[in-house]
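K.L.:
Mind looking over this structure? Questions follow.
The values are calculated or read from the model by the stated rules, or taken from the named source; none is laboratory data. Remember, predicted model here, so these are calculated numbers, not experimental data. Cβ: placed from backbone, ideal geometry, glycine included. Neighbour counts: every protein chain shown. For the accessible areas, the whole protein counts, side chains as well, though only heavy atoms, and no ligand, DNA or RNA atoms are used. Shrake-Rupley method; radii C 1.70, N 1.55, O 1.52, S 1.80 Å.
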Amino acid sequence: MHPFDLRHGVDTSGLMYADGLDTGHPHDRLSSGYYATAPSLFHSGISLWKDTLSATNYTTQQYAFFDAGCGKGRVLMMATQYDFRQVVGVELHPWLAKVASRNLRKWVASGRSASQAQVVNGDVLAVAFPTGPVLVYLFNSFEREMVQALLRRLVEISATRADPIDLLYVHPDYGNLVRQTPRMEWLADADIAFGEEDAAADVFGVRSDRCSIYRLPGMLRE
């Protein structure tokens, strides 16, 4: 069990491959499975993203945080420690979504949450998308076809609003698809070293991972 779980009394550990996460949905075959983000990687990624806001008129408080494939909710819990105006996680698998909701309730009850958060059990391509500026978090949750479909949806949504949609993409296996997306702006990219605790707990023996930041400007004038 990851020290994060032991410290906070939650359940976000474990490695689950896609073939063990069948829901009967057509998108099951496009899942990459479940493995939670290392806390040190997440916080460093958020810091990298926040640095990009200095060139804009936006603040963290104006952004909604949208976790595409939230699994057991570790990232959601950590995201509530920032001052996002809204935190939303979407998870297709009912059991994972249930675990995420339970974890989030424990987290909020402990007083660690600064932002309101919710878990939505559904298809990330079909659920309601937050209004205003949004930071989409993606940790290599999907196979190529699903990433392409998600990017198409983000482009379509951006055409209906003035505010930007940002993308924090961790372990960006399909970063080339993001860079090829119309109007998508590359903002930052870094190889982030894990903290000692996360490196020791990683089941793959990984000690660092890549994080890329992108921005899709809104097309409507305010």
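K.L.:
Hey, among the residues in region 12-22 that are open to solvent by 50 Å² or more (accessible area, probe 1.4 Å) and in a loop (DSSP other than H, G, I, E, B), which one's modelled with the lowest pLDDT?
P.N.:
17
K.L.:
If you don't mind, another one. Out of the residues in region 59-76 that are under 15 Å from residue 166 (Cα atoms) and buried (at least 17 other Cβ atoms within 10 Å of the Cβ), state the one that is farthest from the chain's Cα centre (by Cα). Write out each step before concluding.
P.N.:
Initially, region 59-76 is screened for residues under 15 Å from residue 166 (Cα atoms), giving 59-68.
Next cut, buried (at least 17 other Cβ atoms within 10 Å of the Cβ) only: 60, 63-68.
Values: 60: 15, 63: 14, 64: 11, 65: 8, 66: 6, 67: 3, 68: 5 Å.
If we take residues in region 59-76 being under 15 Å from residue 166 (Cα atoms) and buried (at least 17 other Cβ atoms within 10 Å of the Cβ), then 60 is farthest from the chain's Cα centre (by Cα).
K.L.:
Looking at (1) touching a Gly at 6+ places or on another chain (Cβ under 9 Å); (2) within 23 Å of residue 191 (Cα to Cα); (3) modelled with pLDDT of 95 or more, which is the one condition that is false for residue 89?
P.N.:
(2)
K.L.:
Out of region 169-222, which residues are acidic (Asp, Glu) and free of Cβ contacts under 8 Å to residues at least 24 places away in the same chain? Don't jump to the end; show me each part of the working.
P.N.:
Restricting attention to region 169-222, the residues satisfying the condition of being acidic (Asp, Glu) are 173, 185, 189, 191, 196-198, 202, 209, 222.
Answer for region 169-222, where residues must be acidic (Asp, Glu) and free of Cβ contacts under 8 Å to residues at least 24 places away in the same chain: 191, 196.
K.L.:
If you don't mind, another one. Just checking, how many residues over region 120-141 are farther than 20 Å from residue 38 by Cα and either in contact with a helix residue (DSSP H, G or I) (Cβ under 7 Å, 6 or more places away or on another chain) or surrounded by fewer than 22 Cβ atoms within 10 Å (Cβ to Cβ) (or both)? If you could, list the steps in order and put the result at the bottom.
P.N.:
Going residue by residue through region 120-141, those that are farther than 20 Å from residue 38 by Cα are 120-134.
Add one more test, that the residue is either in contact with a helix residue (DSSP H, G or I) (Cβ under 7 Å, 6 or more places away or on another chain) or surrounded by fewer than 22 Cβ atoms within 10 Å (Cβ to Cβ) (or both), and what stays is 120-133.
Residues in region 120-141 being farther than 20 Å from residue 38 by Cα and either in contact with a helix residue (DSSP H, G or I) (Cβ under 7 Å, 6 or more places away or on another chain) or surrounded by fewer than 22 Cβ atoms within 10 Å (Cβ to Cβ) (or both): 14 in total.
K.L.:
How many residues are surrounded by 15 or more Cβ atoms within 10 Å (Cβ to Cβ) and assigned to a loop (DSSP other than H, G, I, E, B) when one looks only at region 196-216?
P.N.:
The qualifying residues number 1.
K.L.:
Then there's this: When region 161-195 is examined, which residues are found to be among the hydrophobic types (A, V, I, L, M, F, W, C), in contact with a strand residue (DSSP E or B) (Cβ under 8 Å, 6 or more places away or on another chain) and open to solvent by 20 Å² or more (accessible area, probe 1.4 Å)? Walk me through how you get there before you give the answer.
P.N.:
Looking only at region 161-195, we keep the residues that are among the hydrophobic types (A, V, I, L, M, F, W, C), and these are 162, 165, 167-168, 170, 177-178, 184, 186-188, 190, 192-194.
When the remaining residues are screened for being in contact with a strand residue (DSSP E or B) (Cβ under 8 Å, 6 or more places away or on another chain), the result is 165, 167-168, 170, 178, 184, 186-188, 190, 192-194.
Of everything in region 161-195, those that are among the hydrophobic types (A, V, I, L, M, F, W, C), in contact with a strand residue (DSSP E or B) (Cβ under 8 Å, 6 or more places away or on another chain) and open to solvent by 20 Å² or more (accessible area, probe 1.4 Å) turn out to be 184, 186, 187, 190, 193, 194.
K.L.:
Can you work out which of the residues in region 54-89 that are touching a strand residue (DSSP E or B) at 6+ places or on another chain (Cβ under 9 Å) and part of a helix (DSSP H, G or I) is nearest to residue 210 (Cα to Cα)?
P.N.:
Among residues in region 54-89 that are touching a strand residue (DSSP E or B) at 6+ places or on another chain (Cβ under 9 Å) and part of a helix (DSSP H, G or I), the one nearest to residue 210 (Cα to Cα) is 75.
K.L.:
Here is a further query. Go through region 145-181 and count every residue that is under 21 Å from residue 55 (Cβ atoms) and either in contact with a helix residue (DSSP H, G or I) (Cβ under 9 Å, 6 or more places away or on another chain) or of a type in the set (Ser, Thr, Tyr) (or both).
P.N.:
Qualifying residue count for the region: 10.
K.L.:
Could you pull out the residue among 109, 97, 79 that is closer than 24 Å to residue 8 by Cα and surrounded by 24 or more Cβ atoms within 10 Å (Cβ to Cβ)? Quick ask: steps written out before the conclusion?
P.N.:
On the way: 109 fails: surrounded by 24 or more Cβ atoms within 10 Å (Cβ to Cβ); 97 fails: surrounded by 24 or more Cβ atoms within 10 Å (Cβ to Cβ).
The conditions single out 79.
K.L.:
When you look at residue 203, is it within 30 Å of residue 24 (Cα to Cα) and touching an Asp or Glu at 6+ places or on another chain (Cβ under 9 Å), yes or no?
P.N.:
Working: within 30 Å of residue 24 (Cα to Cα): yes; touching an Asp or Glu at 6+ places or on another chain (Cβ under 9 Å): no.
Considered against the rule, which asks whether it is within 30 Å of residue 24 (Cα to Cα) and touching an Asp or Glu at 6+ places or on another chain (Cβ under 9 Å), residue 203 comes out as no.
K.L.:
Failed condition for residue 37, given (1) open to solvent by less than 60 Å² (accessible area, probe 1.4 Å); (2) part of a helix (DSSP H, G or I), with all others met?
P.N.:
Of the numbered conditions (1) open to solvent by less than 60 Å² (accessible area, probe 1.4 Å); (2) part of a helix (DSSP H, G or I), the odd one out for residue 37 is (2).
K.L.:
May I ask you to list pairs of residues, at least six apart or on different chains, whose Cβ atoms are under 6 Å apart, with the first in region 142-160 being more than 19 Å from residue 220 (Cβ to Cβ) and the second being buried (at least 16 other Cβ atoms within 10 Å of the Cβ) and β-branched (Val, Ile, Thr)?
P.N.:
Listed pairs, sorted by first residue: 151/181.
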